[in-house]
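Engineer: What follows is a structure written as structure tokens; I'll ask about it next.
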Amino acid sequence: MLTIDPLVEPPNARLDLPGSKSITNRALVVAGLADGESELAGVLFSEDTHVMMDSLQKMGVGIRQNLNGLSVSISGTGGGLERPGETLWVHQSGTTARFCLPLAALCGQEVTIDGDEQIKNRPHEELCKALQSLGAQIEYLEAPNSFPLVVNGKDLQGGQLSLNGGISSQFISALLLAAPCFPDQLELNIDGDLVSRPYIDMTISVMQAFGAQIQQVNDRRYVVSPTGYRNSRYEIEPDASAASYFFAAAAISGGSITVEGLGSRSIQGDTGFVDIVEKMGAKVVRSDNALSVTGTGSLIGIDASMKEISDTVPTLAAIAPLASGPTVISDVAFIAQKESDRVTALITELRKIGVQAEKTETGMVIYPGDVQKGTIHTYDDHRIAMAFSILGLVVPGITLDSPQCVAKTFPSFFDVLDQVRVAGDAKLSILAIDGPAGSGKSTLAKQVAKQLSLEYLDTGAMYRSVAAVALAQSASLDDEAEIAEIAERINIRFDDGRVYVDDDDLTEAIRSPEVNAAVSQVAANPGVRSIMRRQQRSWARVRGGGVLEGRDIGSVVFPEARLKVYVTATPEERARRRSLESGRSVEDIMEEILQRDTKDSTRGDSPLVADQEAVVIDTTGKTIHETSDYIEELFSR
Ligand code: DC
């Protein structure tokens, strides 16, 4: 459960968003089929792209993540994909499921593909039939035209193919992506309606960047030559569907948000969402390398055909109740078959919070009204979760029942959402106290909080609580996802100096030697950190401020804090203090402290550092009151 903190100030933010999921998964496929080494920059790391990387690796593609964290090097197979030694498991990833079908056929032997329930319930028939007509054999292990299935492409040919374009453009993209590695040329004719055309243009653009030859005879007929792919260095744009949430946030809040790296030459159709908010009354500035939206304080309802930008339907639907008139979204009946039945899901959840909304023949109509607080069911659909989070920025009390589903395409979503709140957070009365273990910051923070009549939060106790629960459940600390799930699930509460997790008093347990030994690893887990940061910020917002003590409060959690203090003491002094508290020998503690310092200051995510703006205070030889009075004076200036 996560209740979204409303904005207290309109945002004024420039955002760097993660790479496009759709481009990442296309570029991974194409680089994996190319001859030689390719380099992809700006790669998105999320559940859907990990699933794609994993599947490609199982088919013999070499993938190495580079140290800068955002690029990958790919050793391509020159089209000679290997038969995976095990089932390709595509989880919930639509692109991976669809793109891997023709790729599996390229292996030329039996390949089993399976995935989660959600993906089994989505349509795949059109693509399966197309592959069969090109000579591939498909055996369905449970239900026709669905996973699990076995593909055998030993007799795969190129040739002529007609495909219906009205259900998902991913069928067409999947065939196009594999086609340069077919034995002969592929001629693809699109019948009937065509949805999400910009995604086909995106596919072609990525393919061409790796040397593919595609002749677009007309807007319904493509001929792909069997040339294979050439290795390349390719830069992936930020994700335009992800950007839609922030453009919507600017439009409804009267603030201003700029997304860097998404410009007028973008190959993503979803940049078209700015046209929607512009029609509703927001001001849009488009440049070569950025898009900016500024809310004007008035939003009108519009009629929007969203066939080409259907992934942004939830974004528009969630803000539509705030417009002055009804909003009609049309030509999107096919989104009933996305991660959830999005038409029904959106209408149901909007009605739950007092909004009048109705299904139409090809979409929905949403009426303006007073939006009430309520708990939104996300249907495990990342776009439902992100869209309603944006509404929660202006409507107090919007709660998501399973916020973690955003990790499918945007694991850092809530961190970026916090960047939108920076202007408001700057007004909070935050005293950030950071420093290494045993520097005296806890005692000091409690004392200063008393002097300033502010509440106090021991953020280290939060990481310790996660570690204690993980140990109690015998979870593997190396399993980052499992530990992050624990962090998301548990409810940590502080009351009268004691620490409760759910209803258990863990005050003593979180100081045990086992937790001391485990906590640095838990605190180095980026998923855990993201969840803890969110909770820490929320704690302070509810109270209008507070004294927060930890390692990254001034540097990462509240970079806009009113005062940042970094407390240190010599290692000998720190060990002596801990020894007095615990009765253990100074030497023992000294070694433990130095090890913890090293782990805390060398981890990749938010290492322990004195922020540039922090006042550094060495407490060696000073009394608590000397230091607390000094901090009180600095804070009150
Ligand atoms: O302050 P402490 O010893 O209770 O902290 C326990 C662990 O949590 C320690 O390894 C540092 C880590 N921590 C952190 O990484 N970030 C914080 N804000 C607070 C603590």
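Each value in this text was obtained by applying a stated rule to the coordinates, not by laboratory testing. This structure is a prediction, so every number in the text was calculated from the model and none was measured. Heads up, the Cβs are rebuilt from the backbone with ideal geometry, glycines too, and the neighbour counts pull from every protein chain shown.
Engineer: With the cut-off at 1.5 for a/c, could you classify the stretch 313-398 from its C-alpha gyration tensor as rounded, prolate or oblate?
Structural biologist: Cα axes put the stretch 313-398 in the oblate bin.
Engineer: Here is a further query. With angles folded into 0 to 90 degrees, how steeply does helix 526-543 sit against the dominant principal axis of the chain? Use alpha carbons for both and round to 10.
Structural biologist: 60
Engineer: What are the residues whose amide H is under 5 Å from the amide H of S162, where those residues sit 5 or more places off or on another chain and H is modelled from the backbone?
Structural biologist: Under 5 Å from the amide H of S162 lie the amide H atoms of N189, each far enough along the sequence or on another chain.
Engineer: Quick one: order I433, I617, I257 by neighbouring beta-carbon count within 10 Å, fewest to most. Kindly include the intermediate steps, with their values, before the conclusion.
Structural biologist: Values: I433 29, I617 22, I257 26.
Sorted ascending by nearby Cβ count, the order is I617, I257, I433.
Engineer: Right, here's the next one. Using Cβ contacts closer than 10 Å as the measure, can you line up F635, F147, F273 from fewest to most? Don't skip to the answer; put the middle values down first.
Structural biologist: Values: F635 18, F147 25, F273 29.
With the fewest neighbours first, F635, F147, F273 line up as F635, F147, F273.
Engineer: For the charge dipole of the stretch 188-232, defined by +1 on Lys and Arg C-beta atoms and -1 on Asp and Glu C-beta atoms about the Cα centroid, which residue among G228, T203, G192 has the Cα displaced farthest towards the positive pole?
Structural biologist: About the Cα centre, the residue reaching furthest to the positive side is G228.
Engineer: Same structure, new question: About its Cα centre, how strong a charge dipole does the chain have in debye, to the nearest 20, once Lys and Arg get +1 and Asp and Glu get -1 at the Cβ? Walk me through the numbers on the way to the answer.
Structural biologist: Details: 58 positive and 87 negative charges, 219 e Å.
In total the dipole reaches around 1060 debye.
Engineer: To make sure I understand, if each residue's beta carbon is the centre and we count other beta carbons within 10 Å, what order do T362, T294 fall in, fewest to most? Before the final figure, lay out the partial values.
Structural biologist: Working: T362 16, T294 19.
Neighbour counts put them in this order, fewest first: T362, T294.
Engineer: Using θ = phi - 60° and the Karplus form 6.51 cos²θ - 1.76 cosθ + 1.60, what ³J(HN,Hα) does each residue of the stretch 407-413 get, whole Hz, x for Gly and Pro?
Structural biologist: Using θ = phi - 60°, the values come out as 4, 4, 10, 8, x, 9, 3 Hz.
Engineer: Stokes-Einstein D for the stretch 1-89 at 20 °C, 1.002 mPa s, Kirkwood Rh over Cα pairs, in µm²/s?
Structural biologist: For these conditions, the coefficient is 145 µm²/s.
Engineer: Convex hull volume of the Cα atoms in the stretch 1-149, per residue, in Å³? Let's see the in-between values first.
Structural biologist: Details: hull volume 22.9 nm³, N = 149.
Value for the stretch 1-149: 154 Å³ per residue.
Engineer: I want to check the label-to-label distance for T620 and S73. Put each point 7 Å from Cα in the C-beta direction and report it in nm to one decimal.
Structural biologist: With each label point 7 Å from Cα toward Cβ, the separation is 4.4 nm.
Engineer: Compute the separation of the alpha-carbon centres of the stretch 467-519 and the stretch 302-353 and state it in Å as a whole number.
Structural biologist: 40
Engineer: To the nearest Å, what is the center-to-center distance of the stretch 530-594 and the stretch 60-121, using C-alpha atoms only?
Structural biologist: That distance is 44 Å.
Engineer: Would you work out which of A487, Q451, Q419 lies farthest towards the positive end of the dipole of the stretch 416-508, given +1 charges on the beta-carbon of Lys and Arg and -1 on that of Asp and Glu, about the Cα centre?
Structural biologist: About the Cα centre, the residue reaching furthest to the positive side is Q451.
Engineer: Run through the DSSP bridge list for the stretch 315-417 and note the antiparallel percent, rounded to the nearest 5.
Structural biologist: 65
Engineer: Name the residues whose placed amide hydrogens come within less than 5 Å of the amide hydrogen of S402, ignoring near sequence neighbours (fewer than 5 apart) on the same chain.
Structural biologist: Placed amide hydrogens put T378 under 5 Å from S402.
Engineer: Using Stokes-Einstein with the Kirkwood hydrodynamic radius over Cα pairs, what translational diffusion coefficient do you get for the stretch 390-527 at 10 °C and a viscosity of 1.306 mPa s, in µm²/s rounded to a whole number?
Structural biologist: Working: Rh = 17.1 Å.
The estimated diffusion coefficient comes to 93 µm²/s.
Engineer: Sticking with this one: Under 5 Å between amide H atoms, partner at least 5 residues away or on a different chain: which partners does A212 have, H built in plane at 1.01 Å?
Structural biologist: Residues meeting the criterion, in which the H sits 1.01 Å from N, are R230.
Engineer: With the crude spin-label approximation of a point 7 Å out along Cα→Cβ, what separation in nm comes out for N218 versus D588?
Structural biologist: Here the answer is 8.4 nm between the modelled labels.
Engineer: Would you mind getting me the FRET efficiency between T3 and V150? Use the beta-carbon distance for r and R0 = 45 Å, nearest 0.05.
Structural biologist: 0.50
Engineer: Give me the log10 of I(q) over I(0) for the stretch 504-606 at q = 0.19, 0.24 Å⁻¹, as the Debye formula computes it from C-alpha points; what are the numbers?
Structural biologist: Calculated log10 I(q)/I(0) at the listed q: -1.18, -1.36.
Engineer: By how many degrees, 0 to 90 and rounded to 10, does the Cα axis of helix 480-489 deviate from the longest principal axis of the chain?
Structural biologist: With both axes taken from Cα atoms, the answer is about 70 degrees.
Engineer: Are any of the pairs K564/K599; K21/K307; K129/K307; K21/K338; K427/K599 more than 26 Å apart by Cα-Cα distance, and if so, which? Present the calculation step by step, with values, prior to reporting the outcome.
Structural biologist: Details: K564/K599 22 Å; K21/K307 19 Å; K129/K307 24 Å; K21/K338 15 Å; K427/K599 33 Å.
Correct reply: K427/K599.
Engineer: A follow-up question, please. So for the pair D478, S512, with labels modelled 7 Å out along Cα→Cβ, what separation do we get in nm?
Structural biologist: With each label point 7 Å from Cα toward Cβ, the separation is 2.2 nm.
Engineer: On full extension of the chain, what length is gained from S133 through Y630, given 0.36 nm per residue of separation minus the C-alpha to C-alpha distance?
Structural biologist: Gain on extension, S133 to Y630, equals 171.0 nm.
Engineer: For the stretch 453-458, take each phi angle, set θ = phi - 60°, evaluate the Karplus expression 6.51 cos²θ - 1.76 cosθ + 1.60, and give the result in whole Hz per residue in order, putting x for glycine and proline.
Structural biologist: Residue by residue, the stretch 453-458 yields 6, 10, 7, 10, 10, 8 Hz.
Engineer: Against the longest principal axis of the chain, how steep is helix 459-472, in degrees 0 to 90 to the nearest 10, with axes from Cα atoms?
Structural biologist: Here the helix axis deviates by roughly 70 degrees.
Engineer: Between R493 and D201, what is the FRET efficiency for a Förster distance of 45 Å, r being their Cβ-Cβ separation, to the nearest 0.05?
Structural biologist: For R493 and D201, the calculated efficiency is 0.30.
Engineer: Using 0.36 nm times the number of residues separating T344 and E37, minus their current alpha carbon distance, what extension gain do you get?
Structural biologist: Between T344 and E37, full extension yields an extra 106.0 nm.
Engineer: Next question, about the same structure. How many percent of DSSP beta bridges within the chain run antiparallel, rounded to 5?
Structural biologist: The antiparallel fraction comes to roughly 55 percent.
Engineer: With a/c under 1.5 counting as rounded, go ahead and sort the stretch 158-256 into rounded, prolate or oblate using the C-alpha gyration tensor (a ≥ b ≥ c being the square roots of the eigenvalues; past the cut-off, prolate if a/b is larger than b/c, else oblate). Don't skip to the end; give the middle numbers.
Structural biologist: On the way: a/c = 3.60, a/b = 1.71, b/c = 2.11.
Judged from the Cα gyration tensor, the stretch 158-256 comes out oblate (a/c at least 1.5, b/c at or above a/b).
Engineer: Checking the a/c ratio against 1.5 first, then a/b against b/c, what shape does the Cα gyration tensor give for the chain?
Structural biologist: Prolate, since a/c reaches 1.5 and a/b exceeds b/c.
Engineer: Work out from phi, with θ = phi - 60° and the Karplus expression 6.51 cos²θ - 1.76 cosθ + 1.60, the ³J(HN,Hα) of each residue of the stretch 596-604, listed in order in whole Hz, and give x for Gly and Pro.
Structural biologist: Those phi angles translate into 5, 4, 4, 5, 5, 9, 10, 5, x Hz.
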